[in-house]
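Each remark here refers to the structure printed beneath this line.
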Amino acid sequence: MVRRSQSSNPRSVVVLTSGTDWGTRAAGQRRSSGAESEIPRRQPAKIKALRQALHLARTAIGKKNWHAARHGLSRARALTNALPPGVAVREREQLSELRKKYAARDTPAAKHARQAKTAPAKQVGAKKPAPASKKPTARKPEPAPARDLGDRFINREALGYGAEGSRTR
């Protein structure tokens with residue numbers, strides 16, 4: 001049971017629900033794709049917004065932020081659909097390249113390419129790099145030796161620890 005009233009007034013009506021309406025409430029809170037956002041009216045503004053969406057998608061794909069990449073790609077697609085076919089040809093090509101990169105994010109070929117980047121293959125017959133000149137290793141400093149304090153003694157009488165009967169107080 002969930003209490004729906006936020007009021008502190010005890011006479012206000014309180015509706016108790018068992019959670020049956022949560023599915024319909026959550027439906028209104030869905031993440032937006034970029035296509036629902038407003039499209040500018042004039043053509044130069046559309047082209048500028050398209051370039052911004054492509055930049056957003058490109059950086060998101062580079063950072064592997066797939067939700068933001070999907071948002072940018074869908075926004076760019078909506079903007080290209082709003083433009084005449086002969087306009088922004090270069091941007092359309094960039095969009096198709098970015099879509100291919102986005103589509104290949106979890107494929108075995110992409111994983112293989114990532115592994116190949118991390119471990120480059122050694123060339124056969126290539127010269128081995130010369131070993132770096134050995135630098136002298138830094139030695140740990142030894143602790144300073146304990147100082148010789150000589151034959152010192154503590155004046156116990158000055159501290160009040162003398163013989164029983166010799167207290168001055």
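The values are calculated or read from the model by the stated rules, or taken from the named source; none is laboratory data. Treat the numbers as computed from the prediction; the structure is a model and nothing was measured. No Cβ is skipped: glycine too gets one built from the backbone with ideal geometry, and neighbour counts run over all protein chains shown.
Among the residues of region 106-123, are any under 30 Å from Ala78 (Cα atoms), in a loop (DSSP other than H, G, I, E, B) and modelled with pLDDT of 70 or more? Yes, that holds for at least one residue. Scoring Gly23 on the criteria (1) of a type outside the set (Lys, Arg); (2) modelled with pLDDT under 90; (3) crowded, with 16+ Cβ neighbours inside 10 Å leaves a single failure, condition (3).
Residue selection: Gln52 satisfies the criterion of being within 27 Å of the chain's Cα centre (by Cα), in a helix (DSSP H, G or I), without any contact (Cβ under 8 Å) to a residue 40 or more places away in the chain and surrounded by 13 or more Cβ atoms within 10 Å (Cβ to Cβ).
Reported count of residues in region 63-96, each being surrounded by 12 or more Cβ atoms within 10 Å (Cβ to Cβ) and either of a type outside the set (Lys, Arg) or not in a helix (DSSP H, G or I) (or both), is 19. In the set Ala158, Ala163, only one residue is farther than 30 Å from Ser74 by Cβ, at pLDDT 80 or above and among the aliphatic types (A, V, I, L, M); that residue is Ala158.
Whether any residue in region 70-78 is at pLDDT below 95, more than 26 Å from the chain's Cα centre (by Cα) and farther than 24 Å from Lys111 by Cβ is what I want to check. The answer is yes; a qualifying residue exists.
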